[in-house]
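The values are calculated or read from the model by the stated rules, or taken from the named source; none is laboratory data. Computed from a predicted structure; not experimentally measured. Backbone-built Cβ (ideal geometry, glycine too); neighbour counts: all protein chains shown. The protein model used for the area step is the full one, side chains on, heavy atoms only, and it has no ligands, DNA or RNA in it. Shrake-Rupley method; radii C 1.70, N 1.55, O 1.52, S 1.80 Å.
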Amino acid sequence: MLRAPLLGGTDAEAKRQEIKSYFQLCYRRYESLFEVISEESAYFRKADPLRHPLIFYYGHTAVFFINKLKFAKLIDQGVESHLESIFAVGVDEMSWDDLDGKHYAWPTLQETQQYREKVFEVVNEVIDRLPLMLPITEESPWWVLLMGIEHENIHLETSAVLIRQLPLKSVRQHEAWQVSEDVGEAPQNRLLEVSGGKVQAGTAVHAPFYGWDNEYGEHTCEVPGFKASKYLVSNQEFLEFVEAKGYERSSFWSEEGNAWRTYVKASAPRFWIATGESYRLRTLTREIPLPLNWPVEVNYLEAEAFCRWKSEKLGITVSLPTEDEYFRLRDYSGVPPFLSWREEAPGNIALADAASSVPVDRYGHGGFYDVIGNVWQWARTPIYPYEGFKVHPIYDDFTVPTFDGKHNLIKGGSWISCGNLAAQGSRYAFRRHFYQFAGFRYVASRYEEEIKISAYRSDALIAQYCHFGWGENYLGVLNYPQRCAKLALKYMGSRPKRRALDVGCAIGRSSFELAREFDEVVGVDFSARFIQYAQLLKEKGVLRYRIPIEGDLESAREVSLANCGLEDVAHKVSFWQGDACNLKPVHQGFDLIFAGNLIDRLYDPGKFLDTLAERLNEEGVLVLTSPNTWMEEYTPKEKWIGGYKREERAVTTLDGLLDHLGGDFELIDTKDVPFVIRETARKHQYTIAQMSVWKKRKRDESGSGR
């Protein structure tokens, strides 16, 4: 099987063809997975109540290519803007009981298939024409192409999990997705010694293959000797826990685990189907008698509860391994380096064996089994950034939203883990109630792991925007988002204040301020990092960050909704990640739209402006602010709406706004609103934004404005 391309080499044209072949393989393989769906209606059914319907995931990976290629300026325009809006951003399971009640106008399956074909051609064309210099680095435009391919590999796995949750009548057998027939009794598990040693983790900057941002950096530690289970926990071993009424004894479960099992009424792993006194297992396309010698597939909460039960049974404390212990086990067991098994994988990984698990005693690694492959292995380590972590600007929300202590790492890969997922340095994390093709092994250990969950909250950009939105006034200038919100509320007058949309909401100050008088406020920002911190502030009521004083000196700051008098209105605010130029169809029916300091940072401001009337209720109010600092770094010059000359006549931003909005809106006021951005204790940026206030015109019976 064709493996992920290496980044180096001496023949650029050969590398181009290698990447093209790999793209085509991964793209078509993803589509072949969806061929197991036997009825079109299943694409529009939520296989999991906390996830989008499968039609979203079918279109999402193609849209990802287009949106990232546009963001990297490798293509000038998209393929279909409506689809590139609705398929852009998925949903994170914020909680196992947080149901997504929003409605989407999903395209048909045929429309989505046609879109995927168009994207296939676009990506092939980019690969054919893009200059290529070796080695490929993070700064190379080819990195964006590899990012899209590896993103597709991730969704190959997550989509398979969702398809597995469809009713059996909605799936069919497929020759490329056949499960193993090797079933039987499981071997007796036992603990084996793992000697202590030094662990060095973190992918080097010039590693020979693609990596995600969280994999880079440095991490070194000494892991003392410990014991680890020889095998992954099998269905047979876990069945003992089920038959011992382990799901009924709250003492085995954490507080989070008890809340989850009570809510979902869990009595066995999710893919076990009770049939009288025995169980069957739901695989991708079939139900089969429970294969006792396959590894069990559970979420973190179930694995943790099993370990407490096993500890009671063994008379010693066993737990899930840490990430550091997993790395030490991998080194100790002698698993070959990723680069050495590109032709033949030493485990049930990268679709090398079957489209399912296989017996836990098939692939040995230095006395242990399945150190890699078969199923992912839960670690008790929440994901955190290594020293030197940096986000990649093209995908700044890949990892950062998971640095919250609520997403635990899974290690080792599964039977369907392809490309970068199979690499020894891969780091993927999911919420603890989440189901993946994941199981676990247990350890007896005295190791105390040192992790820094909140380390990334010192991010300079986040801190600056936190302080801009929530910090004290400087140079006699009032807090900008607070003042803009107050002005917007003033311009509303006696109009209804039902729903407001805050586009470019950053860390949410203007959204919360608007909620003082509005019944509902929706805050949208392109940056997932900003949305993460706005949501964190909403949930916790408090946000802490550090700002520079001078040199290496910093000062700690705290935001408190209660201190701002906003604690009682936070429930009226919701935050969404989104692209202002491709807002989702659900964002409509507003009495106010506020876009603060946004239009001169959009890649297509005209497109944003031209859609506002349809999102605003009749006689609704639109408030725009901008310092009008047009730069090609953000907006192609041909997309500027002001700041240039046309036939020797100066065109201002306000002129451009009138061109785009004049048909649907009446300009009712303009105002200068200064703001200050603090860089250090003695350095500040003083800027004057132009605020323009617009009222949507009434429509006559013919539909034209008057």
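Listing for the model above:
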quantity	calculated
Structure-based [θ]222 nm, the chain - -39500 (n - 2.57) summed over DSSP H runs of at least 4, per residue, nearest 500	-9000 deg cm²/dmol
Solvent-accessible area, 1.4 Å probe, carbon plus sulfur percent, for region 140-248	50 percent
Region 337-405 and region 641-657: distance between their alpha carbon centers, rounded to Å	54 Å
Beta bridges per DSSP with both ends in region 482-562, % antiparallel, nearest 5	60 percent
Solvent exposure ordering (accessible area, 1.4 Å, most first) of Thr283, Thr652	Thr652, Thr283
Point-charge dipole on Cβ atoms (K/R +1, D/E -1) for region 1-47, about Cα centre, debye to 20	160 debye
Residue pairs, from the table Lys486/Lys584; Lys68/Lys406; Lys540/Lys698, whose Cα atoms sit over 32 Å apart	Lys540/Lys698
Relative contact order (%) - region 535-670, alpha-carbon pairs under 8 angstrom, separation at least six	17 percent
Only Lys, Arg (+1) and Asp, Glu (-1) charged, at Cβ; the chain dipole about Cα centre in debye	1080 debye
Span-like helix ranges in the chain, DSSP H, alpha carbon extent 20 angstrom or more, Kyte mean at least -1.0	12-34, 54-71, 109-129, 141-163, 300-314
Per residue convex hull volume, Cα atoms of region 506-569, in Å³	96 Å³
Farthest positive-ward along the chain dipole, Cα basis, beta-carbon charges - from Gly246, His467, Ala186	His467
For Tyr603, solvent-accessible area (1.4 Å; no DNA, RNA or ligand), Å²	80 Å²
Solvent-accessible area of Val673 with every protein chain in place, 1.4 Å probe, in Å² to the nearest 10	0 Å²
Cα gyration tensor shape for region 553-600, rounded if a/c is under 1.5, else prolate or oblate	oblate
Largest to smallest accessible area among Asp353, Asp128 [probe 1.4 Å]	Asp128, Asp353
Ranked order, Cys505, Cys564 - accessible area, probe 1.4 Å, largest first	Cys564, Cys505
Hydrodynamic radius of region 107-205 per Kirkwood, over alpha carbon pairs, in Å	19.4 Å
Prolate/oblate/rounded call for region 541-636, Cα gyration tensor, a/c under 1.5 rounded	oblate
In Å², nearest 10: area of Trp376 left accessible to a 1.4 Å probe	0 Å²
With every protein chain in place, region 534-594: carbon and sulfur % of accessible area (1.4 Å)	44 percent
Farthest toward positive dipole pole in the chain [+1 Lys/Arg, -1 Asp/Glu at C-beta], among Asn628, Ala12, Met691	Met691
Positive-end residue of Phe575, Leu134, His365, charge dipole of the chain with Cβ unit charges	Phe575
Spatial extent of region 1-88: Rg and Dmax, with the Cα atoms as the point set, Å	16.2, 49
Calculated P(r) tail over 36 Å for the chain, as whole % of Cα pairs	46 percent
Per residue value of the accessible surface for the chain (all protein chains in place, 1.4 Å probe), Å²	41 Å²
Surface share of carbon and sulfur [accessible, 1.4 angstrom probe, percent] for region 343-471	46 percent
Computed E for Lys169/Leu25 - FRET, C-beta separation, R0 45 angstrom, nearest 0.05	0.90
Charged-residue dipole, Cβ positions (Lys, Arg, Asp, Glu), region 242-365 about Cα centre, Debye nearest 20	360 debye
Cα gyration tensor shape for region 223-302, rounded if a/c is under 1.5, else prolate or oblate	oblate
Centroid-to-centroid separation of region 173-212 and region 227-300 [C-alpha atoms, Å]	21 Å
